[in-house]
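Scroll down for the structure; my scribbles are underneath it.
Every read-out reported here was derived from the displayed coordinates using simple, explicitly stated rules and does not represent laboratory data. Because the structure is a prediction, the values reported are computed rather than measured. Positions of Cβ are generated from backbone atoms using ideal geometry, with glycine treated the same way; all protein chains shown enter the neighbour counts.
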Amino acid sequence: MTRVMGIGLMLLALAATAEADEQPGQGVAVKPLVGPMPDELFQTLLVSRALEELGYTVEPPAPMSYADAHAAIGRGEGSFLAVHWDPLNDDLFAAAGGDRVLFRSGLYVPEALQGYLIDARTAREHRIERIDQLKEPALRRLFDTDGDGKANLVGCAPGWSCEAIIDHHLEAYGLRDHITHDKGDYDERIAAVVRRKRSGKPVLYYGWTPHWASALLRPGADVVWLEVPFSALPGKRTGVDTTLVTGHNFGFALNNQRIISRKDWVAANPSAGRLFEVMTLPIEDISAQNLRMHRGERSPADIARHVDAWIVENQALFDSWLQKARASAKRPERR
């Protein structure tokens, strides 16, 4: 009887160990943070879903401004932010504690472009290749949507990192008297850009990949990137060269979207940290999902369904992330 009980206890211990290996996050609560753009909820929920598979108890993402989200991560008031743009958000990263406090390893969404775009037909017909060409009255009037004689650039919402860069560019390139930076709700304004483009009128706007508009106004086909006369970034990135390896300079450094957390939280949760390192998501997949949102599938249930569908279509990749994350988990001490 004693031997049977011993074997039973051993089997229970082995089962508990196996469960711990499969669910290394069991009993740990996770608080995701997300930026103000609904379009970024998809990639955040994908990280949350993977953490749930590892046994973590994940709360619904808390939306806030990018500055507040970075600061909250730095203070330990959030577990992770999946929409940190490196180097666009470098100043926010530094203000939240930088590499001394924060973890950012891996490339969740690599090689995201951003910059100024105009419709391809106008670019071709008027030979517009650089944004400083809009100093010419005849050219800037092509993009004048309010009748004041200046080109209207659909830009960023107040408080976004790109807002400060665009304003800095207008000063650095001597364009303040030639271009108006139209700020406000980005999705509303970019939807108006799409309608204007479809009506055959010239468009001028700040854009990036991934984004739903990039699936409708395809860079390199429907619209083209404008180059800048020289690199000019504000803040601590003064002097950074924004020239791409292709030789083009769109005024913004090539960005990688990365997952950030606190170093001490990752140290206590190595399986989560490893997950953050190995997850990678194609830009095209995000733009396609964002387009579904733009066409009406915007509810939390819709986005959760999009995440489920992506996992099914990419099951082998998703499982490989979990396998690597589980392999890095520390087994709890047993006393």
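Taking every full run of DSSP H in the chain, the ones that stretch at least 15 Å from end to end by Cα along their long axis and average 0.5 or higher on the Kyte-Doolittle scale are 2-22, 41-53.
Taking the DSSP bridge list for the range 114-237 and keeping only pairs wholly inside it, about 55 percent are antiparallel. Cross-link reach is defined here as a Cα-Cα straight distance under 21 Å, omitting same-chain residues fewer than 8 places apart; for Lys324 the lysines meeting it are Lys263. Set Lys and Arg Cβ to +1 and Asp and Glu Cβ to -1, take the dipole of the range 114-237 about its Cα centre, and tell me which of Gly235, Tyr205, Leu175 lies farthest positive. Working it through, the farthest residue towards the positive pole turns out to be Tyr205.
With a/c under 1.5 counting as rounded, go ahead and sort the range 215-335 into rounded, prolate or oblate using the C-alpha gyration tensor (a ≥ b ≥ c being the square roots of the eigenvalues; past the cut-off, prolate if a/b is larger than b/c, else oblate).
Oblate, because a/c is 1.5 or more while a/b does not exceed b/c.
Computed about its Cα centre, the charge dipole of the chain is approximately 360 debye, with only Lys, Arg, Asp and Glu carrying charge at their Cβ. Quick note on the range 114-237: its Rg to Rh ratio, both from C-alpha atoms and Rh being the Kirkwood radius, is 0.92.
Given springs between every Cα pair under 10 Å in a Gaussian network model of the chain, which of Pro158, Pro87, Pro202 has the largest fluctuation? Checking each option, the largest mean-square fluctuation is seen for Pro158.
The HN-Hα couplings worked out from phi for the range 214-229 by the Karplus form 6.51 cos²θ - 1.76 cosθ + 1.60 (θ = phi - 60°) are 5, 7, 9, 10, 6, x, x, 10, 7, 9, 10, 6, 9, 8, 10, x Hz, whole numbers, x standing for Gly and Pro. Per-residue extension of 0.36 nm, minus the Cα-Cα distance of Arg295 and Glu125, leaves a gain of 58.0 nm for this segment. For the listed peptides 293-302, 143-152, 160-169, a ranking on the average number of other beta carbons within 10 Å per residue, highest first, reads 160-169, 143-152, 293-302.
Calculate I(q)/I(0) for the chain by the Debye formula, one identical point scatterer on each C-alpha and no solvent, and give its log10 at q = 0.10 Å⁻¹ to two decimals. The Cα Debye sum returns log10 ratios of -0.64. Distance from the C-alpha centroid of the range 146-199 to that of the range 80-145: 12 Å, rounded to the whole angstrom. By the rule of a C-alpha distance below 20 Å, with chain neighbours fewer than 8 residues away ignored, the aspartates and glutamates paired with Lys197 are Asp119, Glu125, Glu129, Asp144, Asp146, Asp182, Asp185, Asp187, Glu188, Asp222.
Note on the range 169-236: Kirkwood radius taken over Cα pairs, Stokes-Einstein applied at 20 °C and 1.002 mPa s, translational D equal to 156 µm² s⁻¹. Compute the distance from the alpha-carbon center of the range 207-223 to that of the range 306-331, in whole Å. Result: 29 Å between the Cα centres. The magnitude of the dipole of the range 114-237, with charges of +1 and -1 set on the Cβ of Lys/Arg and Asp/Glu and taken from the Cα centre, is near 320 debye. For the range 9-143, the ratio of Cα radius of gyration to the globular rule of thumb 2.2 N^0.38 Å stands at 1.59.
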